[in-house]
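Contents: one structure, followed by commentary.
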Amino acid sequence: LPPAPEEGGGKRCGRHPVVSGNAYHVLEERFRRMAVLGECTAVLHWDAAVIMPASAAGPRGDQLAELRVVLHELLTDPAIADLLRAADPLPLDPWQAANLHEMRRQYLYADAVPGDLVAALSRASSACEATWREAKPRDDFVAVAPKLEEVLRLTREVAAAKAEALGLTPYDALMDQFEPDARQAAVDPILDDYAAFLPGFLAKVLEKQARGPEPVFPKGPFPAEAQRKLVRGLLERVGFPFEAGRMDESAHPFSTGYPGDNRITIAIKEDDPAMAVMAALHECGHALYEANLPSDWARQPVGEARGMALHESQSLMVEMQACRSPEFIGWLAPRMADALGDDPAFEPENLKRLYNHVKPDFIRVEADEVTYPAHVILRYRLEKALLSGDLAVADLPGAWDDGMEGLLGIRPPRLAQGCLQDIHWFDGAFGYFPTYTLGAMTAAQLMAAARAERPGIPQDLAEGDFAPLLDWLRRHVHSQASSRSTADLVADATGRPLDPAAFRAHLEGRYLGNG
């Protein structure tokens, strides 16, 4: 990729006069149209999760499949290949060159897969997800297993097609869709290293934790409306752009949208407002990344977020690195008490213990940051085995329970707390899970660099002031979009390539030291 663009992102207003009206700008217009259709897909997904009646699941699956086929046809139009070739020798500025690079990457991925296979996987994933939503509360793996087998069969076909076209292994081809340039050969040692580090470190953390008082948990119920008001105020404080966004509720919190329309959802738990707050702040981190991408490159591939590992790092910068810091919790505690009542759980020292309490548990999205990577490692190992055929779908529940016991010493009592807990596989997302832990490691390294450059950040957080941290992130991450690789972006922002030691140092400081 080209050299790093100027701080603040590229500007298209000063286009190179030689390239006006040529193949490159024809490509820009075509990708702009595709981006608009992608925005429609995002809204349909949001609607399905937030307000769509369950009876509409079938038609919605058809709508999404049709849109994906249209997008696939537009992207694999033979004219795109001709335009990419014609644009290659043109004199382009660094952002235009990076944009052309991303266009070519998207084209190669799409061209590898026939349109009928895209439609088949989309429909199978929608049907499987709808069945999973009904099966999960009943612990009914038998009901969803045939649909998961169909999703897995089609995913294998997609992976094989992309692997052949791109010269990758099938799993690398899937992982690369979510995190460009991620390879199993690099991810395996990172996750294996953490799996080896975890038992001894976890034992030390639990031993230290046992010497102190147990955290007091909130005693609800806490009114939903009071929680909504609290969360909205916190999101405003962090910087969520409510003038160009909205907050709704769904079974599982998520972030979506497009330029000018940033949407997050929260999940209110009347007996556990502390976790609901952190889940909302996590999604706020995702939304802030999207909201601060360079507007001059909106609806162009180079203007998109740079992979899910970096995206996850932004949500974890807000939730784990900033909002679970002792400084911010000290600011948060009295505001939670004002909003929700004078509960002993909201005393500052107790809230710090509560938000940094380590306990091996079954649910990934509720896991502490020490044990969370174990949940990712389990899923990473299982999905590789499923895709290779070494693990049959019918054997997934038992393999899950065995793997959980091996990593954390616990066995889920219910399938809803085991292999049915996550939506990803049932929605066709294989190769996604490693990005969670890569994101956590990236977040730790970015925060260390931000604090080194701006030592006042902890005190800023103690005053509920996110502006200095967000300014650093805008300059080093958000404004860069996809103008360069994740590896180069992290190295430029922190002075070194991604190093898992930064994450271990963060954990040791927070859980064994005074951090």
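The values are calculated or read from the model by the stated rules, or taken from the named source; none is laboratory data. These figures come from a predicted structure and were not determined experimentally. Cβ atoms come from the backbone with ideal geometry, glycine included; neighbour counts cover every protein chain shown. Surface accessibility is based on the protein's heavy atoms, side chains included, excluding ligands, DNA and RNA. Shrake-Rupley method; radii C 1.70, N 1.55, O 1.52, S 1.80 Å.
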**Q.** Unmet criterion (only one of (1) open to solvent by 10 Å² or more (accessible area, probe 1.4 Å); (2) not in a helix (DSSP H, G or I)) for Thr265
**A.** (1)
Q) Are any of the residues in segment 370-389 assigned to a helix (DSSP H, G or I), among the small types (Gly, Ala, Ser), open to solvent by less than 30 Å² (accessible area, probe 1.4 Å) and more than 30 Å from Ala186 (Cα to Cα)? A) no
Q) In segment 200-232, how many residues are within 29 Å of Arg133 (Cβ to Cβ) and free of Cβ contacts under 8 Å to residues at least 40 places away in the same chain? A) 2
Q. What single numbered condition from (1) assigned to a helix (DSSP H, G or I); (2) open to solvent by less than 70 Å² (accessible area, probe 1.4 Å); (3) over 30 Å from Tyr109 (Cβ atoms); (4) hydrophobic (A, V, I, L, M, F, W, C) fails to hold for Leu174?
A. (3)
Q: Could you tell me which numbered condition Leu293 fails, if it satisfies all but one of (1) within 25 Å of Met175 (Cα to Cα); (2) at pLDDT below 95; (3) part of a loop (DSSP other than H, G, I, E, B)?
A: (2)
Q) Can you name the helices (runs of 4 or more DSSP H) wholly within segment 421-515 that have at least 2 residues being closer than 28 Å to Pro241 by Cβ and among the hydrophobic types (A, V, I, L, M, F, W, C)? A) 434-453, 457-462, 467-476, 486-494
Q) Mind checking which pairs have a first residue in segment 139-161 that is over 20 Å from Ala65 (Cα atoms) and a second that is assigned to a helix (DSSP H, G or I) and open to solvent by 80 Å² or more (accessible area, probe 1.4 Å), Cβ under 8 Å, 6 or more apart or different chains? A) Asp140/Glu134; Ala143/Glu134
(Q) If Asp422 meets every condition in (1) within 20 Å of Phe222 (Cβ to Cβ); (2) open to solvent by less than 20 Å² (accessible area, probe 1.4 Å); (3) acidic (Asp, Glu) apart from one, which number is that one? (A) (1)
Q: Out of the residues in segment 309-364 that are part of a loop (DSSP other than H, G, I, E, B) and of a type in the set (A, V, I, L, M), state the one that is farthest from Trp400 (Cα to Cα).
A: Val358
Q: Given the conditions (1) open to solvent by less than 30 Å² (accessible area, probe 1.4 Å); (2) more than 25 Å from Arg381 (Cβ to Cβ); (3) free of Cβ contacts under 8 Å to residues at least 24 places away in the same chain, report the number of the one that Leu235 does not fulfil.
A: (3)
